[in-house]
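Beneath this line is the structure, given in structure tokens, with notes to follow.
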Amino acid sequence: MHEHAVCWLNGRLVPTGEARISVFDHGLLYGDGVFEGIRFYNRRPFKLAAHLERFLDSARAIALDLPYSRDDLGAAVTETVAAFAGPDGYLRLVATRGEGALGIDPRNCARPSLFVIADRLSMVARESREQGARLIIAATRRLPPDGLDPRIKSLNYLNHILARIEANQAGADEAILLNAAGRVTEGTADNVFVVRHGRLLTPPPVEGALAGITRETVLELALAAGIPVSESALAPYDLYTADECFLTGTGAELIPVAEVDGRRMAACPGPFYRELARRYEEIVRA
Ligand code: PMP
């Protein structure tokens, strides 16, 4: 399954079959850790500085003292990409609280675990890229920001996994999570955009979405393309009646949405999607 994968663990490259994390690691026992997903194109990690900044901020926010500098992390990423067999791939950078006692107290853990995996990623079927993804709005609400700040990219994804299970059971491709007030936040591993009345809209992160790096890139590309954008609160109604809808994420890149809860988008892939996807494809390889 992972015959192409390469792994760097706690300071060195190790054969993936020998890359082991303890059953006492609090990342496993409690989801106590942070991560990043980074794509590389032509052996160049895309937006590496932004990913490392978010990673270090996530670690600080959970009081995880990493014994690695930003440069050390960059070097680990570079070493992993260099060892990978192809020019394009996906990196997973993970730091956990490390091995400790069974109790939850992080003071039980002596040293964080850090690893980087490079692998191929086929997250999205070619079919949904071409024909558009089918979405449902999940009954599972996103965790409120005062429970876990969505800017922390932590290992706690159970909430999103429950939403994804709802999508699977409904025969859909992806789920949108609402916040406690019933407004749109994001997908299970991606941000969401709609086009309404000639304007590109996406919920502001304060609604409860991750401040996605692809989201930020798409906002910049839209500005450069002269597309009017606003970050505004969205209700399910705004998705149901949109001209276009698409998802963004490092793994997802840009995915057009065909329907939400059975309501068809006016266009899929629509003209805004096509223009932004073309520009995105251009800059990741620039
Ligand atoms: N929201 C969630 C919950 C995610 O896991 C991701 C993927 N990292 C995104 C949004 C998209 O963020 P990015 O564009 O930085 O990959």
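Points worth noting:
- Counting all C-alpha pairs of segment 227-275, share separated by more than 13 Å (%): 60 percent
- Charge tally in the Cβ shell below 11 Å around R274, where Lys, Arg are +1 and Asp, Glu are -1, R274 excluded: -1
- On the beta carbon distance between I283 and A181, with R0 = 45 Å, the FRET formula returns roughly 0.85.
- Surface/4 of the Cα convex hull for segment 139-286, nm²: 8.4 nm²
- Among residues other than P112 with Cβ under 12 Å from its Cβ, the summed charge is -2 (Lys and Arg +1, Asp and Glu -1).
- Taking the square roots of five times each eigenvalue of the Cα gyration tensor of segment 6-61, the equivalent ellipsoid has semi-axes of 22, 19, 8 Å, listed largest first.
- Estimated inter-spin distance, A50 and A139, nm [label 7 Å along Cα→Cβ]: 3.6 nm
- Highest mean packing first, where packing is the average number of other Cβ atoms within 10 Å per residue, the peptides 49-57, 255-263 line up as 255-263, 49-57.
- Protection proxy ranking, highest mean first, for peptides 170-178, 242-250, 66-74: 242-250, 170-178, 66-74, where packing is the per-residue count of other beta-carbon atoms within 10 Å, averaged.
- Normalised size of the chain, defined as Cα radius of gyration per 2.2 N^0.38 Å with N residues, equals 1.01.
- Accessible surface of segment 30-138, 1.4 Å probe, proportion on carbon and sulfur as whole %: 49 percent
The values are calculated or read from the model by the stated rules, or taken from the named source; none is laboratory data. On a predicted model such as this, the values are computed, not experimentally measured, just so you know. Because the Cβ atoms are built from the backbone with ideal geometry, glycine has one as well, and the counts that use them run over all protein chains shown. Accessible surface areas use protein heavy atoms only, side chains included; no ligands, DNA or RNA. Shrake-Rupley method; radii C 1.70, N 1.55, O 1.52, S 1.80 Å.
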